[in-house]
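Engineer: Before we start, here is the structure in question, set down as structure tokens.
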Amino acid sequence: MKKLLFVLLLSLFLVACGNESDAESGKEEQKEDQKAENDNTEEANNETEENETIEEDEYSFENEYGTFDLVGMYYSEDEDQEPGFYKIDFDGFLLNMTVSLVDIELSEEAQWEERFAGKEHSRALLIFTEAENTTDMEIDFNGTSHIVTSDKQQVYPEYGIMSENEAVMTYHGQVMQEGYFIVPLKDDSLPESINLTFEAPYEVINGGVDPINGKVGEDTEFEMIFMSKEEMEEQ
């Protein structure tokens with residue numbers, strides 16, 4: 001399961017970095033330059049303490065939604081799937097994903113979102129996705145899906161124009177896009193398994209889609225099993 005752990009950390013890194021704007025990046029660079037000078041001084045004085053901090057922060061990151069702390073991740077028992085990933089082939093439109101369970105200390109801006117209902121803290125599923133259109137068609141991926149958990153919750157990632165996932169878009173030819181869904185759960189819930197259903201994307205013809213006969217591939221349902229970060233480290 002070491003590969004599973006590596007996959008998880010990589011996907012968390014991509015989520016942390018993926019949605020920053022150029023303006024935000026410029027500001028962060030200035031902050032990082034200033035922070036680097038301070039860190040260099042502290043590192044020289046106390047290298048051991050710095051190393052301990054890095055280890056503690058290995059499963060934590062920040063973005064515009066707040067501070068994320070990893071609880072664990074979900075994996076498929078399907079032998080045809082790569083460890084830590086679940087890949088769907090919608091007749092040439094490929095959707096690859098990892099699913100983790102996180103605790104989020106929400107930013108002030110995120111607390112205003114209806115799905116978080118003014119909370120300061122949320123437990124959530126974090127679904128990192130990599131979508132690729134390998135066909136010659138224009139394809140509309142709306143991100144429509146639903147999740148049923150082993151503790152009897154039914155939840156829905158935000159889809160369409162309301163989705164934070166940058167992979168939810170129209171693909172004009174052979175392109176690839178990464179993004180993520182944040183799916184809030186009940187406080188402190190710990191589903192042992194989740195059942196996910198993703199709706200197939202649609203072919204775009206003359207600027208529109210046929211909601212009846214225009215699907216590319218079939219809707220896909222699959223199950224994933226929970227493993228805590230401590231269990232992954234022990235494997």
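Engineer: I need the GluC sites (Glu not before Pro) found in the range 118-216, filtered to DSSP loop residues with at most 14 other beta carbons within 10 Å of theirs.
Structural biologist: Details: sites: E120, E130, E132, E138, E158, E164, E166, E178, E192, E199, E203; in loops: E120, E158, E164, E166, E192, E199.
Sites meeting the loop and neighbour criteria: E120, E166, E192.
Engineer: With the convex hull built on the Cα atoms of the range 70-124, state its orientation-averaged projected area in nm².
Structural biologist: Details: hull surface 21.6 nm².
Reported value for the Cα convex hull: 5.4 nm².
Engineer: According to the Kirkwood expression over distinct Cα-Cα pairs, how big is the hydrodynamic radius of the range 83-188, in Å? Numbers along the way, then the final one.
Structural biologist: Numbers: mean 1/r = 0.0673 Å⁻¹.
Here the Kirkwood hydrodynamic radius works out to 14.9 Å.
Engineer: Counting C-alpha atoms alone, how compact is the range 124-235: give Rg to one decimal and Dmax as a whole number, in angstrom.
Structural biologist: Rg and Dmax of the range 124-235, Cα atoms, are 16.0, 54 Å.
Throughout, read-outs are computed from the coordinates displayed, never taken from laboratory work. Note that the coordinates shown come from a computational prediction; the quantities given were computed from them, not determined experimentally. Heads up, the Cβs are rebuilt from the backbone with ideal geometry, glycines too, and the neighbour counts pull from every protein chain shown.
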